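**Student:** What follows is a structure written as structure tokens; I'll ask about it next.
The values are calculated or read from the model by the stated rules, or taken from the named source; none is laboratory data. Model, not experiment: these values are computed from the prediction. When we count neighbours, we look across all protein chains shown, and the Cβ atoms used for this are built from the backbone with ideal geometry, even at glycine. When the accessible area is computed, the model is the full protein with side chains, heavy atoms only, and any ligands, DNA or RNA have been set aside. Shrake-Rupley method; radii C 1.70, N 1.55, O 1.52, S 1.80 Å.
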Amino acid sequence: MRRHIALKENPISEPHAKTNHMPGRAVLPGRWRVLLLTGVLLWCLPLGAGNDYILLLFNVMALNAMVVLGLNLLIGSTGQVSLGHAAFYGMGAYLSAIASTTWHWPLPLALLFALAAVGVTGFLLALPTLRLEGNYLVMATLGFNIIVTIVFTQMEGLTGGPSGLAGIPRISLGPLSLNSDLKFYFFIWTVFLVMLALTLNLTDSRIGRALKAVHQKELTARVLGIPSYRYKVTTFVLSTLYAAFAGFCYAHYVTFISPKTFDIFYSLQVVTMVVAGGMGSLWGGLVGTVLLTVLPEVLHRFEDLHVLLYGLILMGMLVFAPQGLVPAIGSLVSSRRSRRKNDGQLSAKPYPLSPLNLKSGFGPVNAVCASAEGSPSGKSAEVDPVLLSIQDISLGFGGLQALREIGFDLARGRIVSIIGPNGAGKTTLLNVISGLLRPDTGRILLRGQNVVGRSPCTLAARGIGRTFQTVQTFQDFSVVENVLLGYHLQGKSGFPAGYLHTPAERFEENRLRGRAMELLEDFRLADKAEVFAQRLSLLEQKLLELARALALSPSILLLDEPAGGLNPRESEMLVDTVSLLRQRGMGILLVEHDMNVVMSLSDRVEVLQHGHRIAAGTPREIQSNPQVIAAYLGSKKK
């Protein structure tokens, strides 16, 4: 039976999941119990409401919560904050109001028109800004919000200008018109709970896992085949649709709208709700919305002091719970319990240092891998097919020439090592090959096709996996979730399936989880599948990163100092693992400072200095090369 560690070009057969080790789905039953309890409390609340003002306050709270929900989804996936969601909120309100009042369209058509217009606008705004790093999205959405507010004010013929737009029809559900605060209360909170449930589904899916990875380590996520830019644009558009739908509900509930409601101060208010509850936390957004919608009403009793008290409370939350209220409370409740559980798991079974048994994960030994004298890999003189050809690669950063006309070939079942002093350009070359950097000149031929300029996710899909010089595991992901990120490309379910948790999506998730558990068993990490990656030792994290790269089923593996920080026994086990991968036909490009590892593994060694190749040859030739000895081997630097 062939499995996921086999070569990329070979088909992957369906593994038989080992159900005695396979963890359950990441869905937490408690989450849905909390959602059900929240629904029951909200539906019972009108029974204790003393007057219609309380219902009005809670209706406004639900509308705010919808906008916050979309903004939290955006922050959780991109890590960037939008200061323009008030504009999308206003566009949803004004476009549906104009369509239903001025153009006399039916409400469903007005809603679709508003959502479509907002979605297209959000897409056009996201395309340029989400390609950039830093706070460009903040600045772009801030300027967009100001422009939209000016348009609402100046286009008096359509919007009513500063005086606002009145006579907006109420929402009707068949014969039932939502013409009272109580009726609208049940409608808006039911819709919000459905939206919250669907969003929780999304964050718990393959897509949600990828979005969280993009937020934490975008470059690593891209190397794992996750199309971060496309996902960020899609999530931004979705977040604008949340705001637009809330705007539609607001306009047809209040029946009057004016530009002042949708200015930049409302955007700041929404962002404050997100920060107070917990940025990226869906439940935290709801808590922050409730708190900051009710708090001003309570503090108004203190007359002139209410603004001061409001500011002091927000400042206190930021000082004592900077991650937000819900994450802070959750950390206090679960930290001791999870620490005892993880410590017990880790101490009970320390990682064994004997050679890994990976035989179950490979097909028959390749014929070209028969042993022969004089090669570290035990290879014959027969020439293997070239998988990767580096041809005259040059790259400069301003006045610094990081790489200059570097070229060599990597064949199937061979290991080429790149050595050199710090700053020689070794990791830069790996970044160029994996698509993270684009060279100034030269070609990279992957099975004969030039892939210069291709995205990292495209190269991952075509069979290039890699590890990093500094271990890039996702620390607050479990071990099995880290490996599942490597299987992202093998999943097909998208945003709609993630929202709905369709049977096909659940089957796919269980199938990939089974494969991930089998891979973890090969690396003796299955018993720690539910442990957070940050709780693993350095060796275990390096092996987890290697297992995650192998989940891509690569034919080419880029290893950046895999033995760094390991003791001799751990390095020896890693050498055995890499040797087994090479014996099964994988082409490996190794960057390493440990010369014992380099000399024991390499078929060929490329030596770089200041971006130049100063020597190339077999390990024995490199060891005796005077220029290499003077530049690297003879120095004290490793």
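**Student:** Find how much the distance from A49 to E297 grows on full extension, using 0.36 nm per residue of separation minus their present alpha carbon separation; answer in nm with one decimal.
**Tutor:** Residue separation times 0.36 nm, minus the Cα-Cα distance, leaves 87.7 nm.
**Student:** How much of the accessible area of segment 474-621, in percent, comes from carbon and sulfur atoms when a 1.4 Å probe is used?
**Tutor:** Answer for segment 474-621: carbon and sulfur cover 52 percent of the accessible area.
**Student:** I would also like to ask the following. How far, in nm, would the chain grow between K492 and K260 when pulled straight, counting 0.36 nm per residue and subtracting the alpha carbon separation?
**Tutor:** Full extension from K492 to K260 adds 79.1 nm.
**Student:** Tell me the volume per residue, in Å³, of the convex hull enclosing the alpha carbons of segment 399-468.
**Tutor:** Hull volume normalised by residue count: 109 Å³.
**Student:** What is the extension gain from M155 to A116, computed as 0.36 nm multiplied by their sequence separation minus the C-alpha to C-alpha distance, in nm to one decimal?
**Tutor:** Contour length minus the Cα-Cα distance gives 12.0 nm.
**Student:** Can you order the peptides 137-143, 544-550 by their average number of other Cβ atoms within 10 Å per residue, highest first?
**Tutor:** Highest mean packing first, the order is 544-550, 137-143.
**Student:** Could you compute the FRET efficiency for L132 and L318, with r as their C-beta to C-beta distance and R0 at 22 Å, rounded to 0.05?
**Tutor:** It comes out at approximately 0.25.
**Student:** Moving to a separate point now. To one decimal place, what orientation-averaged projected area in nm² is obtained for the convex hull of the Cα set of segment 191-291?
**Tutor:** Averaged projected hull area, Cα only: 7.4 nm².
**Student:** Label points 7 Å out from Cα along the Cβ direction at L305 and W103: separation in nm?
**Tutor:** 5.3 nm
**Student:** Using the Cβ atoms and a cut-off under 15 Å, what net charge is assigned to the surroundings of R131, where Lys and Arg are +1 and Asp and Glu are -1?
**Tutor:** Taking every Cβ under 15 Å from that of R131, the sum is +2.
**Student:** In what sequence, highest mean first, do 123-132, 530-539 appear when ranked by Cβ atoms within 10 angstrom?
**Tutor:** In descending order of packing, they fall as 530-539, 123-132.
**Student:** How do D181, D560 rank by accessible surface area computed with a 1.4 Å probe, from largest to smallest?
**Tutor:** Highest to lowest solvent-accessible surface, that is D181, D560.
**Student:** Right, next: How are the alpha carbon pair distances in segment 138-193 distributed across 5 Å bins from zero to the largest one, expressed in percent?
**Tutor:** 4, 15, 15, 12, 10, 18, 19, 6, 1, 0
**Student:** Shifting gears a bit: Give the Debye-formula value of log10 I(q)/I(0) at each listed q (0.18 Å⁻¹), with one equal scatterer per alpha carbon of segment 514-638, two decimals each.
**Tutor:** Each listed q corresponds, in turn, to -1.02.
**Student:** Sticking with this one: May I ask for the percentage of alpha-carbon pairs in segment 524-567 that lie more than 13 Å from each other?
**Tutor:** Value for segment 524-567: 58 percent of Cα pairs lie more than 13 Å apart.
**Student:** First select every other residue whose beta carbon is under 13 angstrom from the beta carbon of L176; then total the charges, Lys and Arg +1, Asp and Glu -1.
**Tutor:** +2
**Student:** Two decimals is fine: what is log10 I(q)/I(0) at q = 0.10, 0.16, 0.21 Å⁻¹ for segment 89-178, from a Debye sum with one equal scatterer on every Cα and no solvent?
**Tutor:** Relative scattering, expressed as log10 I(q)/I(0), comes to -0.33, -0.74, -1.04.
**Student:** Next question, about the same structure. Mark the label point 7 Å from the Cα of T190 along Cα→Cβ and return the residues of segment 43-61 whose backbone N is within less than 17 Å of it.
**Tutor:** Residues 43-47, 59 fall inside that zone.
**Student:** Continuing with this model, one more query. Tell me which chymotrypsin sites (Phe, Trp or Tyr not before Pro) from segment 253-290 have a DSSP coil assignment and no more than 13 other beta carbons within 10 Å of their own.
**Tutor:** none
**Student:** Further question on the same structure: Provide the solvent-accessible area of D392, counting protein heavy atoms only and rolling a 1.4 Å probe, rounded to the nearest 10 Å².
**Tutor:** 100 Å²
**Student:** How high is the FRET efficiency from Q534 to S163, r the C-beta distance, R0 51 Å, rounded to 0.05?
**Tutor:** Given R0 = 51 Å and the Cβ-Cβ separation, E is 0.35.
**Student:** At 1.4 Å probe size, with no ligands or nucleic acids counted, give the accessible surface of H300 in Å², nearest ten.
**Tutor:** H300 has an accessible surface of roughly 100 Å² with all protein chains in place.
**Student:** Would you mind checking K426/K542; K426/K492; K183/K232 for any pair whose Cα atoms are more than 31 angstrom apart?
**Tutor:** In this structure, K426/K492; K183/K232 lie more than 31 Å apart at Cα.
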